[in-house]
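Chemist: What follows is a structure written as structure tokens; I'll ask about it next.
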Amino acid sequence: MSDFVKAASVFVNQSIDTRDGILRFIADKAAELGVTDDAPATYEAFVKREEMGETGMTDGFAVPHAKSSAIKEPAVIVVKNDHPVEWPSFDDKPVSIAIALLVPDTDAGTEHIRLLSKTAVLLMKDDFKKIINGTDDPQVIADAIDAGIEGE
């Protein structure tokens with residue numbers, strides 16, 4: 001199994017009150033993890049994408065994604081909030097789990113589409129959602145996403 005998603009990129013038991021707050025948190029963590037050197041530019045890339053349409057899926061999951069020259073390498077950052085927040089979604093329900101995709105501009109056409117499609121397929125699988133909802137162990141979450149991305 002690949003280790004594209006690392007436990008260090010999974011943040012559980014967060015207490016963030018807004019979608020904007022979650023996007024800022026993700027951008028800041030991307031900078032701490034070395035995925036970007038420019039957290040504000042990464043945050044703006046998320047906001048720009050959110051303005052194009054909802055990234056909230058169903059059942060409390062969202063897949064915010066950012067393409068930017070500020071992003072140095074493709075990455076996935078997961079935020080599992082301790083309560084749902086308002087987030088435009090396909091089922092009009094709030095979101096408590098964000099699986100964020102970060103992709104450099106140079107990979108935008110290939111890696112971005114691959115990650116997005118594989119993540120969307122994962123979120124259609126009840127057993128995957130049950131694993132993510134049922135644990136606060138970052139390694140279990142990272143392994144479940146890696147297995148799903150690799151297996152599709």
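The values are calculated or read from the model by the stated rules, or taken from the named source; none is laboratory data. Values in this document were obtained by computation on a predicted structure and should not be read as measured data. Note: ideal-geometry Cβ built from the backbone for every residue, glycine included; neighbour counts use all protein chains shown. When the accessible area is computed, the model is the full protein with side chains, heavy atoms only, and any ligands, DNA or RNA have been set aside. Shrake-Rupley method; radii C 1.70, N 1.55, O 1.52, S 1.80 Å.
Chemist: Using only the alpha carbon atoms of region 23-94, find the Kirkwood hydrodynamic radius as the inverse mean reciprocal pair distance, in angstroms to one decimal.
Modeler: Details: mean 1/r = 0.0791 Å⁻¹.
Kirkwood radius, region 23-94: 12.6 Å.
Chemist: Follow-up. Report relative contact order for region 66-152 in percent, whole number only (criteria: Cα-Cα under 8 Å, sequence separation at least 6). Don't skip to the end; give the middle numbers.
Modeler: Numbers: 96 pairs, mean separation 22.6, N = 87.
Normalised by residue count, the contact order of region 66-152 is 26 percent.
Chemist: Let me ask another. Starting from the Cα of residue 37, step 7 Å along the direction of its Cβ; do the same at residue 51; then give the gap between the two resulting points in nm.
Modeler: 2.6
Chemist: List the residues whose amide H sits under 5 Å from the amide H of residue 57, counting only those 5 or more places along or on another chain, with H placed 1.01 Å from N in the peptide plane.
Modeler: Amide H neighbours of residue 57: 62, 63, 90.
Chemist: Taking a cut-off of 13 Å between Cα atoms, list the aspartates and glutamates near residue 93, but don't count ones fewer than 8 places away on the same chain.
Modeler: 54, 59
Chemist: Using amide H atoms built 1.01 Å from N in the peptide plane, name the residues 5+ places from residue 85, or on other chains, whose amide H lies under 5 Å from its own.
Modeler: 95, 96
Chemist: Before I look further, what does region 2-89 give for accessible area per residue, probe 1.4 Å, in whole square angstrom?
Modeler: 45
Chemist: Which entry is the computed percent of Cα pairs over 28 Å apart for this structure: [x] 12; [y] 8; [z] 33?
Modeler: Answer by label: [y].
Chemist: Calculate, in nm to one decimal, what residue 58 and residue 15 gain on full extension: separation in residues at 0.36 nm each, minus their alpha carbon distance.
Modeler: Gain in length upon complete extension: 13.4 nm.
Chemist: Could you name the aspartates and glutamates whose alpha carbon sits less than 14 Å from that of residue 118, not counting residues in the same chain fewer than 8 places away?
Modeler: Partners found: 146, 150, 152.
Chemist: Report ³J(HN,Hα) in whole Hz for each residue of region 41-56, in order, from the Karplus equation J = 6.51 cos²θ - 1.76 cosθ + 1.60 where θ = phi - 60°; Gly and Pro get x.
Modeler: These are the phi-based 3J(HN,Hα) values: 5, 5, 4, 4, 5, 5, 4, 4, 5, 4, 5, 7, x, 5, 10, x Hz.
Chemist: Given the rule -39500 (n - 2.57) for each run of at least 4 DSSP H residues, summed and divided by the residues of the chain, what is its mean residue ellipticity at 222 nm, to the nearest 500 deg cm²/dmol?
Modeler: Dividing the helical sum by the residues of the chain leaves -12500 deg cm²/dmol.
Chemist: What number, in percent, do you get for the relative contact order of the chain if the mean sequence gap of Cα pairs under 8 Å and at least 6 apart is divided by its residue count?
Modeler: Contact order relative to length: 29 percent.
Chemist: Counting only protein heavy atoms and using a 1.4 Å probe, what share of the accessible area of region 73-152 belongs to carbon plus sulfur, as a whole percent?
Modeler: 55
Chemist: Got a sec? What order do 65, 83 fall in by accessible area at 1.4 Å, biggest, i.e. largest, first? Walk me through the numbers on the way to the answer.
Modeler: On the way: 65 15, 83 50 Å².
Descending accessible area places them as 83, 65.
Chemist: Another question, if that's okay. Quick one: 3J(HN,Hα) in Hz for region 13-29, Karplus 6.51/-1.76/1.60 with θ = phi - 60°, rounded, Gly and Pro as x.
Modeler: 6, 7, 10, 10, 9, 9, 4, 4, x, 5, 5, 5, 4, 4, 4, 5, 5
Chemist: Would you mind checking which residues have amide H under 5 Å from residue 10's amide H? H placed 1.01 Å from N; only 5 or more apart, or other chain.
Modeler: Excluding prolines and chain starts, which carry no amide H, the hits are 78.
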